[in-house]
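Below is one structure, written out as structure tokens, with a few remarks after it.
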Amino acid sequence: YLVVDPGPPLSDRIQSRVHSMVEQGWPDEVRTLMQSVPVDAPGWLASGYNVMRQHVMGELLREEAIERVVIETRQYAKRQRTWFRHQLSDGIVTRISPGEPHAFEQARAWMDALESDVS
């Protein structure tokens, strides 16, 4: 298995993505959903939607909502990384962090080994 772990840059990418989603109309999407989706619908449990709903209802300022969504998403990503780390033994997993100097070479070596196993 090849696991690509984005490492430290992930936090910045999450923040950038949340800001982008808000700029591209996420609050408007939530406002539209609020007209037809019941408050207790499971969809509101999707990452960030309940927080954005609170913002649309005036309970949170825009920046507060963004900050909360970023924090929740970082926490979720951390849980995912922890889960992956404990699922597969190191002997069958190659972990790569894209920010490391030799990440591309590591990925290429993994792919070459996989191709030779298949042939």
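The values are calculated or read from the model by the stated rules, or taken from the named source; none is laboratory data. In this text the structure is predicted, and so the values were computed from the model without any measurement. Note: ideal-geometry Cβ built from the backbone for every residue, glycine included; neighbour counts use all protein chains shown.
Scanning segment 36-61 for residues being assigned to a loop (DSSP other than H, G, I, E, B), of a type in the set (A, V, I, L, M, F, W, C) and exposed (fewer than 15 other Cβ atoms within 10 Å of the Cβ) gives a total of 5.
Among the residues of segment 42-61, the ones that are within 17 Å of the chain's Cα centre (by Cα) and in contact (Cβ under 8 Å) with a residue 12 or more places away in the chain come to 5 in all. GLU100 falls short on exactly one of the conditions (1) exposed (fewer than 15 other Cβ atoms within 10 Å of the Cβ); (2) in a helix (DSSP H, G or I), and that condition is (2).
Can you tell me how many residues within segment 1-35 are of a type in the set (Gly, Ala, Ser), surrounded by 13 or more Cβ atoms within 10 Å (Cβ to Cβ) and assigned to a loop (DSSP other than H, G, I, E, B)? Matching residues across segment 1-35 total 1. The residue pairs whose first member lies in segment 62-88 and is part of a helix (DSSP H, G or I), whose second member is at pLDDT 85 or above and among the small types (Gly, Ala, Ser), and whose beta carbons are closer than 7 Å, counting only pairs six or more residues apart or on different chains, are VAL69/GLY48; GLU72/SER47; GLU72/GLY48; THR73/SER47; THR73/GLY48; ARG74/SER11; TYR76/SER47. Looking across SER97, SER47, one residue alone is touching a Gly at 6+ places or on another chain (Cβ under 7 Å) and within 27 Å of GLY7 (Cβ to Cβ). It is SER97. Among the residues of segment 73-96, those that are at pLDDT below 80 and either surrounded by 12 or more Cβ atoms within 10 Å (Cβ to Cβ) or under 16 Å from the mean Cα position of the chain (by Cα) (or both) comprise PHE84, ARG85, LEU88, VAL93, THR94, ARG95.
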